[in-house]
Amino acid sequence: MAPIYGAIETGGTKCICMVASSPAHIFAEVTIPTETPAKTTTEIAEFFHRCENWEGQKIERVGLASFGPLDLNPKSKTYGHILITPKIDWQGWDLLGEMERNLNLPVVLDTDVNGAALGEYLWGAAQGLKNFIYLTIGTGIGGGGMIESHLLHGLVHPEMGHILIPHDRLKDPFPGVCPFHGDCFEGLASGPAMESRWRTPAFLLPEEHSAWDLEAQYIAWGLHNLICSLSPERVILGGGVMQQTFLFDKIRKRVNESLAGYVNSYMILDNIEEYIVPPALGNRAGVLGALGLAITGTANVI
Ligand code: ADP
Ligand code: ZN
């Protein structure tokens, strides 16, 4: 029998937990609201204890793809902890340690966006690619991905949502919502930034509203920087705001305008519909990526 694994995606509002041996063989799944860390961890552990012996088979390992920022440096004293976050209850929480103790299983941890990137690499839009990025544009903007088939890590982990992009305050006087930087990429273009600037939730803004041209321009400038820095072979855009699928063509057009023919690849010049794409796994990328972390057994070397 194929080994079975656990997968957890912890998000700002909910956590998805799963027991599976592959995306085609999912045995149990539950969604748990994200509340205090102790309560949420207990509920997650209860689910896995109920599934502990799935038809006589034990869970080998659990993959955990989590919101952050996270300390992912194995040499650090606070390895596996959640760092400074507006979610005050979770700040400093020993996410990895508490999960391993409560589940009594080995846990492989990475960011939610690296999880989604791994899911897309194994089963989705990044199959066969060695270099790509996965960017989510939702409550925040976050990015993960791979360089030469290794998930992106580093000093802490990339914070692609906090890069600086052009901001013409005459055309857009909105100061931005990032508590740290004001008008960084996330401060200008996240879902809450749209809601605050236009005083309407993003999903209620009609397609003809000028909000979407501005949004596409900011995302295109963000991508300009990331494409020039990392040279990804594909850019996958997920998250709530990208549910507005008409945004893709607006972004593609502006990325081409902004790069102005300088990044000389047919993927950008002639094939941009296949270069900037939605996640093939849709909103399942994160939890399936967590399953991928459990199956591969490491977030560091693939
Ligand atoms: P999270 O980032 O918390 O994991 P999401 O990726 O769903 O969750 O992002 C939530 C943000 O995306 C909210 O700011 C919301 O306004 C926005 N959003 C969610 N659904 C849509 C939609 N269909 N169209 C535009 N914006 C959306
Ligand atoms: Zn910022």
Any residue in region 153-170 that is within 12 Å of ligand 2 (Cβ to nearest atom), closer than 25 Å to Val108 by Cβ and among the acidic types (Asp, Glu)?
yes
Of the conditions (1) at pLDDT 95 or above; (2) open to solvent by less than 50 Å² (accessible area, probe 1.4 Å); (3) within 16 Å of ligand 1 (Cβ to nearest atom), Thr85 clears all except one; give me its number.
(1)
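Is one or more of the residues making up region 162-173 outside any loop (DSSP other than H, G, I, E, B) and either touching a residue at least 12 places away in the same chain (Cβ under 8 Å) or under 17 Å from Arg284 (Cβ atoms) (or both)? Walk me through how you get there before you give the answer.
Quick first cut of region 162-173, residues outside any loop (DSSP other than H, G, I, E, B) only: 162.
Now drop any that are not either touching a residue at least 12 places away in the same chain (Cβ under 8 Å) or under 17 Å from Arg284 (Cβ atoms) (or both), which leaves 162.
Yes.
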(1) surrounded by 16 or more Cβ atoms within 10 Å (Cβ to Cβ); (2) more than 16 Å from ligand 1 (Cβ to nearest atom); (3) part of a loop (DSSP other than H, G, I, E, B); (4) without any contact (Cβ under 8 Å) to a residue 24 or more places away in the chain: which one isn't true of Glu100, the others all being true?
(3)
Out of (1) touching a Gly at 6+ places or on another chain (Cβ under 7 Å); (2) open to solvent by less than 20 Å² (accessible area, probe 1.4 Å); (3) more than 16 Å from ligand 2 (Cβ to nearest atom), the one Val113 does not meet is (3)
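Does Ile147 meet the test of being buried (at least 22 other Cβ atoms within 10 Å of the Cβ), under 23 Å from Asn73 (Cβ atoms) and more than 16 Å from ligand 1 (Cβ to nearest atom)? Talk me through it step by step, then tell me what you get.
Working: buried (at least 22 other Cβ atoms within 10 Å of the Cβ): no; under 23 Å from Asn73 (Cβ atoms): yes; more than 16 Å from ligand 1 (Cβ to nearest atom): yes.
Criteria not met by Ile147.
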From the residues in region 211-239 that are under 22 Å from Leu164 (Cα atoms) and either assigned to a loop (DSSP other than H, G, I, E, B) or modelled with pLDDT under 95 (or both), which one is nearest to ligand 1 (Cβ to nearest atom)?
Gly239
Of the listed residues (Ala211, Ala280, Ala299), the one being open to solvent by less than 30 Å² (accessible area, probe 1.4 Å), touching a residue at least 40 places away in the same chain (Cβ under 8 Å) and among the small types (Gly, Ala, Ser) is Ala299
Within region 159-178, how many residues turn out to be open to solvent by 40 Å² or more (accessible area, probe 1.4 Å) and either under 20 Å from the mean Cα position of the chain (by Cα) or on the phi > 0 side of the Ramachandran plot (or both)?
5
Just give me the residues in region 214-247 being without any contact (Cβ under 8 Å) to a residue 60 or more places away in the chain and within 16 Å of ligand 2 (Cβ to nearest atom), in sequence order.
Tyr218, Trp221
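What residue, among those in region 179-208 that are over 22 Å from the mean Cα position of the chain (by Cα) and within 16 Å of ligand 2 (Cβ to nearest atom), is surrounded by the fewest Cβ atoms within 10 Å (Cβ to Cβ)? It would help to see each step written out before you state the result.
Step one: list which residues in region 179-208 are over 22 Å from the mean Cα position of the chain (by Cα), which gives 196-200, 204-208.
Pick out the ones that are also within 16 Å of ligand 2 (Cβ to nearest atom) and you get 196-197.
Numbers: Ser196: 15, Arg197: 20.
Ranking the candidates gives Ser196 first.
The values are calculated or read from the model by the stated rules, or taken from the named source; none is laboratory data. Only a predicted model underlies this, so the values are computations on that prediction, with no experimental measurement involved. All Cβ positions, even for glycine, are placed from backbone atoms using ideal geometry, and neighbour counts span all protein chains on display. When the accessible area is computed, the model is the full protein with side chains, heavy atoms only, and any ligands, DNA or RNA have been set aside. Shrake-Rupley method; radii C 1.70, N 1.55, O 1.52, S 1.80 Å.
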